Amino acid sequence: MGPRVTRRHVVQQILRGRSKEPVREQGIGRAPVNIALCKYWGKRDAELNLPRNSSLSVTLPGMEVEMRVEVSGEGRDEVVLEDNRLPQDEAAFQRVVEYLDLFRGAKGLRFRVESRSAVPPAAGLASSAAAFAALVRALDALFGWELTPRELSILARLGSGSACRSIFQGAVVWQAGRRRDGMDSFARPLNIVWPEFRMGLVLISTAEKAVGSRPGMNHTVETSPLYSRWPAVAEQDLQRMLAALEGRDMGALGGLAESNALCMHATMIAARPPLLYWEPKTVSAMKRVWAMRQEGRRVYFTIDAGPNLKLIYPVEEARVVREVFGEVREFAPLTESASCS
Ligand code: PMV
């Protein structure tokens, strides 16, 4: 075992020989929200956000975050979300500042970061993955690095694990990798075009969750007796999901995504003390999906670290989904225009 690899080492390795000075006034970057079908849950390295298992997601077209970065005129970092300046003691402010610490160069630059999101707060979608992916793209533009998508993905991962998937569009795989420096842990797009594929958001609550995914996964890894099974289950699910995507097999893909999500939640529920992100309405929505399937409908769900459901179904089921769940916000993540980076 050599010395521990830090985020700073990784950044140095990627930016070697590249500019430490801004090449333009302002850098602008955009990136979409992604929803995992095969979940990332648990890290093998908390500093570098290296996962214990590979994962697979789809990005939601139109649900983008835009970041603008410039050198601050005030000599200190400023983070402005939708025109609201974040107070310095806010956790989100500190998370961004810690990330910016990696890019200040010898001059110790301070930045002004402005973020605008097309993700309505009422959509119940966490947008931190999109935010860090957009921030990396904005820094790349500001400094004129011209990094490859793979390098952008590795840098985005240092901000938030799942952000490495938001560098790409459509169906995206994040390979866990084995290296200690994480240079083999990045996402890649699958370029799957499947126009009939739909994802629908069933909103249960938009209240901020009590336990974020970062402490949630650490707690699960440390205390859940079921966690040890998870990485192998997820790797196997992923291989099967790739085959289902290749074969455009909605039944197989939806069934695998649903049981993968339930398996992840089972590891959390078994943590000590338990971690339960569901509300009573989450469970009744799950039961409605199962009742639809009993009637032969090809509708499935996935659930992240929160109470809301994301339904997975082919376009033919869109009408019946609306009949059962009312107006769901619906996406077609795998059309040609939505899935090619
Ligand atoms: O990247 P994080 O720390 O926001 O964790 C994401 C965790 C899940 O959303 C539950 C699963 C995933 O793969 O996106």
Original post:
Does Ala252 count as open to solvent by 10 Å² or more (accessible area, probe 1.4 Å) and either closer than 16 Å to Arg198 by Cβ or not in a loop (DSSP other than H, G, I, E, B) (or both)?
Top reply: yes
Subject >> The listed residue being of a type in the set (Gly, Ala, Ser) and closer than 30 Å to Glu323 by Cα, out of Gly255, Gly216 >> reply: Gly255
Original post:
Would it be correct to say that Gly2 is farther than 16 Å from Phe111 by Cα, open to solvent by 10 Å² or more (accessible area, probe 1.4 Å) and either modelled with pLDDT of 95 or more or away from the ligand (no atom under 16 Å from the Cβ) (or both)?
Top reply: yes
Subject >> Complete set of residues in segment 111-154 that are under 16 Å from the mean Cα position of the chain (by Cα) and at positive phi >> reply: Gly124
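Okay, residues lined up against (1) more than 25 Å from Lys20 (Cα to Cα); (2) within 14 Å of the ligand (Cβ to nearest atom); (3) open to solvent by 10 Å² or more (accessible area, probe 1.4 Å); (4) of a type in the set (D, E, K, R):
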residue: Ala131; (1), (2), (3), (4): no, yes, yes, no
residue: Ala134; (1), (2), (3), (4): no, no, no, no
residue: Glu151; (1), (2), (3), (4): no, no, yes, yes
residue: Ala163; (1), (2), (3), (4): no, yes, no, no
Original post:
Hey, among Trp290, Trp230, which residue is in a helix (DSSP H, G or I), among the aromatic types (Phe, Trp, Tyr) and loosely packed, with under 15 Cβ neighbours inside 10 Å?
Top reply: Trp290
Original post:
Across segment 42-91, what is the number of residues that are free of Cβ contacts under 8 Å to residues at least 60 places away in the same chain, outside any strand (DSSP E or B) and surrounded by 18 or more Cβ atoms within 10 Å (Cβ to Cβ)?
Top reply: 2
**OP:** Could you please let me know if Thr223 is away from the ligand (no atom under 14 Å from the Cβ), within 24 Å of Arg44 (Cβ to Cβ) and open to solvent by 20 Å² or more (accessible area, probe 1.4 Å)?
**Re:** yes
Original post:
(1) at pLDDT 95 or above; (2) open to solvent by 70 Å² or more (accessible area, probe 1.4 Å); (3) within 13 Å of the ligand (Cβ to nearest atom): which one isn't true of Gln236, the others all being true?
Top reply: (3)
**OP:** Give me a count of the residues in segment 189-204 that are within 16 Å of the ligand (Cβ to nearest atom) and out of contact with any strand residue (DSSP E or B) (no Cβ under 6 Å at 6 or more places or on another chain).
**Re:** 1
Subject >> Qualifying position, being closer than 30 Å to Glu327 by Cβ, modelled with pLDDT of 95 or more and not aromatic (Phe, Trp, Tyr), among Ala118, Ala141, Ala123, Ala133 >> reply: Ala133
Original post:
Which residue pairs have Cβ atoms closer than 7 Å, lie 6 or more positions apart in sequence or on different chains, and pair a first residue in segment 205-223 that is in contact (Cβ under 8 Å) with a residue 12 or more places away in the chain with a second residue that is open to solvent by 40 Å² or more (accessible area, probe 1.4 Å) and more than 10 Å from the ligand (Cβ to nearest atom)?
Top reply: Ser205/Glu279; Thr206/Pro121; Thr206/Ala122; Asn218/Ala46; Thr223/Arg272
Original post:
Of all residues in segment 284-327 being touching a residue at least 24 places away in the same chain (Cβ under 8 Å) and small (Gly, Ala, Ser), which is nearest to the ligand (Cβ to nearest atom)?
Top reply: Ala305
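The values are calculated or read from the model by the stated rules, or taken from the named source; none is laboratory data. All values derive from a computational prediction rather than experimental measurement. Positions of Cβ are backbone-derived with ideal geometry, glycine not excepted, and every protein chain shown enters the neighbour counts. The area values use the complete protein model at the heavy-atom level, side chains included, leaving out ligands, DNA and RNA. Shrake-Rupley method; radii C 1.70, N 1.55, O 1.52, S 1.80 Å.
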